[in-house]
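Just below is one structure, and these are the notes that go with it.
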Amino acid sequence: MFNFKIGFRPLNLPLRHTFTISRWSRDTAANVLVELEADGITGLGEAAPNARYNESQESCMAWLGAFDLSALKNPFDVEAVLRAMDATGPGDYSAKVALEMALYDWIGKKLQVPLYDLWNAQSRFGPQTCFTVGIDATEKLPDRVREAARYPVLKIKLGTDRDEEIINTIRSVTDKPIWVDANEGWKTLDRAKQMVSFLADQNVQMIEQPMPSSMKQELAQLKAYSPVITMADESFTGRESVEELAACFHGINIKLMKTGSIRRALQMIHGGRRAGLNIMIGCMIESSLANTAAALVSLWCDYADLDGHLLISEDPYVGLQFDEDLKVYLPEKSGLGVELRS
Ligand SMILES: [Mg+2]
């Protein structure tokens, strides 16, 4: 029997540059740090609450403060802990995954084993990551691209009324492969088809969330039309049927802050594969703490977009790393393997 204590507090992360996507613009990520302590061992977790899913720093901390820690009476029975989290109702997924992350980190530290070993990953190296360029003034884009010189693949945020201009500007400075993320920004099938045709000739390897998640029929028609693979992001929270997703997209972008669980994310990867879906792991704007948990899941994924911690100016943690090919890898340390930056 372990006597768990939980601590949580705001983790406000200033960004290197104002980051803009089709729905919002921000200078700080308002995240939450979770510390779960028992037996002299502290497990760490991080939440990145997202307004798209009706979450805030306040709502996240309210959920953490209300969660009954007696659910952790057998901390190694994570499935039972997840059922107790489910019983609190839908929503609050970033808070839920932050608590589960802290619990898994604690379990790994208690057993003195890295989680990738505990889960029998083939190696501690995952896919190559892309680097995201947010929406910016046209004259600033070449500098943004130059700052990303180290990264072999760029992810470009679109969904504006000047998307062609953005791509033409990027293409005037680099011919690197591009992943596009429209963040639901193309509001009609005609506009989406027009953009897909334009992008297909621009060395674009995937298009994330071309249209609003509510436009299921149009997304299915676009999948049939598009020579470029389309990926569900806002359309995929982890609570949809994989058959329905496979009708509308070629792949899914898994984010822990949406699925609300690392364990369930791994189960979704296996379900998605059976339905023929490409699997991508993404992130919100997070420190190296939450992004190391995402890097752990990336060991079972085809594509990785794990640059969230690179967008913040003072990352408080050290965890996931990239090799010379920008393949993500996990530290050889117990649990998640994350440490405070000294
Ligand atoms: Mg996205």
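The values are calculated or read from the model by the stated rules, or taken from the named source; none is laboratory data. The model shown is predicted, which means the values in this text are computed figures rather than measured ones. Ideal geometry is used to build each Cβ from the backbone, glycine not excepted, and the neighbour counts take in all protein chains shown.
Structure above, values below:
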item: Residues located in segment 303-342, provided they are hydrophobic (A, V, I, L, M, F, W, C), assigned to a strand (DSSP E or B) and in contact with a Leu (Cβ under 6 Å, 6 or more places away or on another chain); result: Ile312, Val328
item: Residue in segment 223-238 that is surrounded by the most Cβ atoms within 10 Å (Cβ to Cβ), counting only those that are more than 16 Å from the ligand (Cβ to nearest atom) and touching a residue at least 24 places away in the same chain (Cβ under 8 Å); result: Ser226
item: Matching residues in segment 146-176 - criterion: being out of contact with any strand residue (DSSP E or B) (no Cβ under 9 Å at 6 or more places or on another chain), more than 16 Å from the ligand (Cβ to nearest atom) and not acidic (Asp, Glu); result: Arg146, Ala149, Arg162, Asn168, Thr169, Ser172, Val173
item: Near pairs, Cβ below 6 angstrom, 6+ apart or cross-chain, from segment 157-175 (outside the structural domain of Trp24 (by TED's automatic domain parsing)) to any residue that is of a type in the set (D, E, K, R); result: Lys157/Asp181
item: Close pairs from segment 293-322: first free of Cβ contacts under 8 Å to residues at least 60 places away in the same chain and over 23 Å from Leu277 (Cβ atoms), partner within 16 Å of the ligand (Cβ to nearest atom) and of a type in the set (Asp, Glu), Cβ under 7 Å, at least 6 apart; result: His309/Glu286
item: Flag if Asn278 is within 16 Å of the ligand (Cβ to nearest atom), over 21 Å from Val97 (Cα atoms) and not β-branched (Val, Ile, Thr); result: yes
item: Residue within segment 317-324 that is of a type in the set (Gly, Ala, Ser), crowded, with 18+ Cβ neighbours inside 10 Å and under 29 Å from Ala200 (Cα atoms) present; result: no
item: Total residues in segment 256-289, condition in a helix (DSSP H, G or I), of a type in the set (A, V, I, L, M, F, W, C) and over 9 Å from the mean Cα position of the chain (by Cα); result: 6
item: Residue match in segment 199-213 (condition: of a type in the set (S, T, N, Q) and without any contact (Cβ under 8 Å) to a residue 12 or more places away in the chain); result: no
item: Count of segment 120-151 residues which are farther than 21 Å from Ser298 by Cβ and of a type in the set (Ser, Thr, Tyr); result: 1
item: Residues located in segment 77-109, provided they are among the hydrophobic types (A, V, I, L, M, F, W, C), farther than 23 Å from Glu58 by Cα and touching a residue at least 40 places away in the same chain (Cβ under 8 Å); result: Val78, Trp106, Ile107
item: Test: residue in segment 27-34 that is more than 20 Å from Lys96 (Cα to Cα) and in contact with a Ser or Thr (Cβ under 7 Å, 6 or more places away or on another chain); result: yes
item: One residue from Ala220, Ala304, Ala247, Ala293 being under 30 Å from Asp105 (Cα atoms) and either among the aromatic types (Phe, Trp, Tyr) or away from the ligand (no atom under 14 Å from the Cβ) (or both); result: Ala293
item: Any hit, segment 61-75, residues being among the aromatic types (Phe, Trp, Tyr) and at pLDDT 95 or above; result: yes
item: For Asn183: the one exception among (1) free of Cβ contacts under 8 Å to residues at least 12 places away in the same chain; (2) polar (S, T, N, Q); (3) under 21 Å from Gln209 (Cβ atoms); result: (1)
item: Pick from segment 177-202, criterion β-branched (Val, Ile, Thr) and within 16 Å of the ligand (Cβ to nearest atom), ranking: farthest from the chain's Cα centre (by Cα); result: Ile178
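Condition check ((1) within 21 Å of the chain's Cα centre (by Cα); (2) among the small types (Gly, Ala, Ser)) across all residues:
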{"site": "Val113", "(1), (2)": "no, no"}
{"site": "Tyr116", "(1), (2)": "yes, no"}
{"site": "Gln128", "(1), (2)": "yes, no"}
{"site": "Ile135", "(1), (2)": "yes, no"}
{"site": "Lys140", "(1), (2)": "no, no"}
{"site": "Val145", "(1), (2)": "no, no"}
{"site": "Ala149", "(1), (2)": "no, yes"}
